[in-house]
Amino acid sequence: MTLFDPPPPKPPIHIWRYIVLGILILLIAEGLYFFFRNYPEERAVTRFLTTLEQGKFQEAYRLWQPSPSYSFQDFLHDWGMQGDYGKIREFQILGTKSKGSSLVIVGIKVNNVDPPLHIVVERKTKGLSYSVFTQEELAVFGTITSVGVDRFDIRERDGSTQTVMVDEHTRYRQGQQDIQLEDLKPGDQVSVRGQANSKKEFVAEAVRRATADDMQRFQNAGERALGAIVSINKNQLKIGNPPQGETIVLVNEQTQIMKDGQPVALKDLKVGDRIFVLGKETKGQFLATRVVTGQFRGPGQGRGNQQ
């Protein structure tokens with residue numbers, strides 16, 4: 001090439017290649033986020049159970065981050081060598097589910113004992129507790145956004161999306177009538193009860209499409225609060241939850257209080273107890289309709305000592 005020859009043409013810039021690559025990277029990043037978003041909480045439970053396997057009960061008690069009312073002797077009664085599981089030989093993480101922005105529910109099976117146990121992990125502190133949620137609250141509830149041949153997607157109340165797998169054993173109901181997967185459509189409000197499979201997919205056992213009456217009952221269930229009792233002043237409970245701060249809960253004669261599955265009185269609650277509260281906030285105060293505390297779905301529920 002001489003000085004008078006024109007310069008060679010520049011290679012064309014394939015801008016669409018970079019756009020497609022960028023989209024693929026975003027999709028992969030989003031998939032990895034949803035797959036691993038509960039991994040720190042799952043790891044906290046795994047570390048706790050591994051510590052128990054090794055017989056390091058004091059260390060496991062520290063990892064639990066117990067409230068003052070849950071003594072080391074109570075812990076040994078539940079998780080020690082003479083506890084319901086006996087010596088822990090094996091465990092399995094069945095799956096996780098976010099509960100709002102501050103809690104994760106981790107399903108586990110210890111020594112292959114049924115039913116599985118649900119452990120609540122606080123995202124910020126990684127503190128553990130027995131699940132205070134009922135079976136209905138452990139289920140998924142939301143609005144269907146898409147329906148496929150073997151799955152459907154729903155958007156939950158907190159804005160997160162859950163893919164629900166279905167199979168030949170899945171049952172579908174609306175009110176008192178049986179329906180089919182083909183009857184579901186985007187926009188339907190559904191509640192789903194199911195289990196995580198070996199691939200950590202949520203597989204539906206029962207799907208209920210909400211009627212107008214169902215929606216009214218759900219809306220009347222009220223708001224929820226969760227935390228440890230910080231102080232008790234007459235009919236007022238101050239509860240603390242590190243991610244959410246402190247909440248004042250009012251209790252009256254209509255409030256139902258349950259402890260270890262049995263009805264109790266306000267005087268049976270004490271500072272340090274972890275409680276789950278259903279109620280409604282009016283005029284800046286949280287009026288409780290139901291207060292639940294105790295060892296829910298935890299050891300000591302009559303499964304027997306597994307040796």
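Report the FRET efficiency, 1/(1 + (r/R0)^6), for K56 and K124, where r is their Cβ-Cβ distance and R0 is 25 Å, rounded to 0.05.
On the way: r = 24 Å, r/R0 = 0.98.
After rounding to 0.05, the efficiency reads 0.55.
Hey, fewest Cβ within 10 Å first, where do E253, E281 land in order? Before the final figure, lay out each step's value.
Working: E253 5, E281 13.
Exposure proxy ranking, most exposed first: E253, E281.
Taking the alpha-carbon distance from K126 and a cut-off under 18 Å, which lysines remain once sequence neighbours fewer than 8 residues away in the same chain are dropped?
Partners within reach: K97, K99.
Just grab the label-to-label distance for V149 and K109, each label 7 Å out from Cα along the Cβ direction, in nm (one decimal).
Result for the modelled spin labels: 2.9 nm.
What's the FRET efficiency of K200 with K234 using the Cβ-Cβ distance as r and R₀ = 30 Å, to the nearest 0.05? Provide the component values of the computation, followed by the final result.
Working: r = 47 Å, r/R0 = 1.56.
Efficiency, from the Cβ-Cβ distance: 0.05.
Considering only the other residues whose Cβ falls under 14 Å of the Cβ of L269, what net charge follows from Lys and Arg at +1 and Asp and Glu at -1?
Working: positive: K234, K238, K259, K267, K270, R274, R290; negative: D260, D268, D273.
Net charge around L269: +4.
Using a Förster radius of 22 Å, what is the FRET efficiency between E246 and T282 based on their Cβ-Cβ separation? Nearest 0.05, please.
It comes out at approximately 0.75.
Taking Cα pairs under 8 Å and at least six residues apart, what relative contact order does the stretch 39-132 come out at, in percent? Intermediate results must be reported in sequence, preceding the final value.
Numbers: 139 pairs, mean separation 24.3, N = 94.
Taking the mean separation of contacting Cα pairs over the length of the stretch 39-132, I get 26 percent.
Return the distance in nm (one decimal) between the two label points of a simple spin-label model at D78 and V20, each offset 7 Å from Cα along Cα→Cβ.
It is 5.4 nm.
If each of Q177 and D260 carries a label point 7 Å out from its Cα toward its Cβ, how far apart are those two points in nm?
Between Q177 and D260, the simple spin-label model gives 4.7 nm.
None of the figures in this text is laboratory data; all of them are computed from the coordinates on show. All of these numbers come straight from a predicted model, not from anything done at the bench. Cβ: placed from backbone, ideal geometry, glycine included. Neighbour counts: every protein chain shown.
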